Amino acid sequence: MNLTKNTVERERPIFPFTAIVGQEEMKLALLLNVIDPKIGGVMVMGDRGTGKSTTVRALVDLLPEIPIIANDPFNSDPYDLDLMSEEARNMLQNGEDFIISTIKIPMIDLPLGATEDRVCGTIDIEKALTEGIKAFEPGLLAKANRGILYVDEVNLLDDHLVDVLLDAAASGWNTVEREGISISHPSRFILIGSGNPEEGELRPQLLDRFGMHVKVGTVKEPNLRVQIVEQRSSFDKDPIQFRDTYRSSQDNLSQQIKDARKRLSQVNIGYELRIKISQICAELNIDGLRGDIVTNRAAKALAALKNCEKVTPKEIFMVIPFCLRHRLRKDPLESIDSGLLVQEKFSEIFGYTSK
């Protein structure tokens with residue numbers, strides 16, 4: 001049965017990303033991670049009812065298409081060996097032809113009660129022993145390869161499972177071992193987590209593994225609150241008509257993301273700026289080099305989004321709080337800095353303030 005686009009939208013209407021107001025910090029962090037997935041994902045923390053999940057799921061409409069090997073459970077890239085499954089690489093070595101198709105970058109939701117087998121996949125031991133073949137049932141990490149893995153209430157997830165997700169996100173591979181049988185497959189994805197700080201923070205060691213951390217607060221401006229309520233009412237009344245209103249802005253932003261992804265490799269960040277970024281990280285006593293790396297990547301992604309080929313202090317000023325604020329906390333009982341401390345150190349070293 002063929003479903004039209006409007007039919008799908010009527011079944012599962014998604015609030016338009018460009019219609020969301022008052023959460024610019026979260027929106028920018030999500031866009032930068034789509035432009036450069038190597039930033040390392042984003043942790044979104046905020047009050048209940050502030051649109052965290054709505055904003056993340058609204059990102060789906062904007063995601064560009066990617067080429068895949070048809071019928072491959074790992075969304076294997078037909079042009080990149082590092083992003084191919086073992087079966088796809090074997091086909092290539094044997095000179096077999098691929099059927100290539102395109103899909104939108106996938107977004108996978110990880111349920112809070114998911115088991116490790118559901119996340120990582122399972123091996124059919126009986127089939128492996130009796131038939132001598134590696135019978136593997138792919139999990140969510142396979143489906144999320146080359147896409148986005150969204151974990152709502154990630155701070156309530158078992159620490160071991162969070163470790164598994166972060167290890168896969170960092171290495172780009174997922175390995176499942178059972179009874180001496182080992183299977184690996186590519187699993188490169190953007191990890192997006194959200195949560196309510198009242199229900200507890202992640203341990204500093206886990207937070208550090210997220211490329212960015214953004215805070216989402218309840219909108220205080222009465223006029224803006226009324227606008228948000230009216231928008232939501234209009235969407236609930238007629239989702240299709242509401243989405244049509246934002247069709248042009250959605251298409252424009254989607255094209256902007258697509259262009260930025262292509263332009264990213266051409267963006268340069270000067271040596272002096274990189275030195276100052278590392279000086280900020282050093283003077284703030286940030287452990288490791290993740291802060292330096294992510295800030296450089298995020299600044300370049302923002303420059304690409306703005307159609308620039310050179311990073312300026314302005315781009316660094318905008319992204320550096322997202323990249324460093326969660327790396328300042330050494331004690332699990334401490335609260336995460338709002339970003340003011342990072343901005344003060346930036347202004348001291350760069351001699352630059354936002355106008």
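Against the main long axis of the alpha-carbon atoms of the chain, helix 159-171 sits at an angle near 90°. The GluC sites (Glu not before Pro) found in the range 36-121 that occupy coil by DSSP, while having at most 11 further C-beta atoms within 10 Å, are 96.
If I take R0 = 41 Å and measure r between the Cβ atoms of residue 116 and residue 93 in this structure, what FRET efficiency does the formula 1/(1 + (r/R0)^6) give, to the nearest 0.05? Once rounded, the FRET efficiency stands at 0.80. Listed by Cβ neighbour count within 10 Å, with the fewest neighbours leading, 225, 261 appear as 225, 261. Is the shape of the range 206-330 best called rounded, prolate or oblate, per the rule: a/c under 1.5 gives rounded, else a/b larger than b/c gives prolate, else oblate, with a ≥ b ≥ c the square roots of the Cα gyration tensor eigenvalues? It is oblate, given that a/c is not under 1.5 and a/b is not larger than b/c. If R0 equals 30 Å, the separation of the Cβ atoms of residue 167 and residue 255 corresponds to a calculated FRET efficiency of about 0.30. Each of 289, 206, 149, 341 was scored by other Cβ atoms within 10 Å of its Cβ. Arranged with the fewest first, they read 289, 341, 206, 149.
Decide, for the range 19-148, between rounded, prolate and oblate: order the square roots of the alpha carbon gyration tensor eigenvalues as a ≥ b ≥ c, take rounded if a/c falls under 1.5, and otherwise choose prolate if a/b is larger than b/c, else oblate. In terms of gyration-tensor shape, oblate.
Can you tell me the orientation of helix 247-263 relative to the chain, as the angle in degrees between its alpha-carbon axis and the longest Cα principal axis, to the nearest 10? For 247-263 against the chain, the angle is about 80 degrees.
An oblate overall shape is assigned to the range 6-79, the ratio a/c of its alpha-carbon gyration tensor axes (a ≥ b ≥ c) being 1.5 or greater and a/b not exceeding b/c. Computed per residue of the chain from DSSP H runs no shorter than four, each worth -39500 (n - 2.57), the mean residue ellipticity at 222 nm is -13000 deg cm²/dmol. Most simply put, the chain has about 40% antiparallel DSSP beta bridges, counting only bridges with both residues inside it. With a simple spin-label model that places each label point 7 Å from the Cα along the Cα-to-Cβ direction, the separation between residue 279 and residue 205 comes to 3.4 nm. Once backbone amide H atoms are built at 1.01 Å from N, residue 121 has 139, 140 as its partners under 5 Å, excluding neighbours fewer than 5 places away on the same chain.
Counting neighbouring beta carbons within 10 Å and listing from fewest to most, the residues 269, 277 come out as 269, 277. On a 0 to 90 degree scale, rounded to 10, what angle separates helix 290-305 from the longest Cα axis of the chain? On a 0 to 90 degree scale, this one is about 80. Note on the chain: semi-axes of the ellipsoid equivalent to its C-alpha gyration tensor, largest first and rounded to whole Å, are 33, 26, 22.
No value in this document is a laboratory result; all are computed from the given coordinates. Keep in mind the model is a prediction, meaning the values are calculated, not measured. Backbone-built Cβ (ideal geometry, glycine too); neighbour counts: all protein chains shown.
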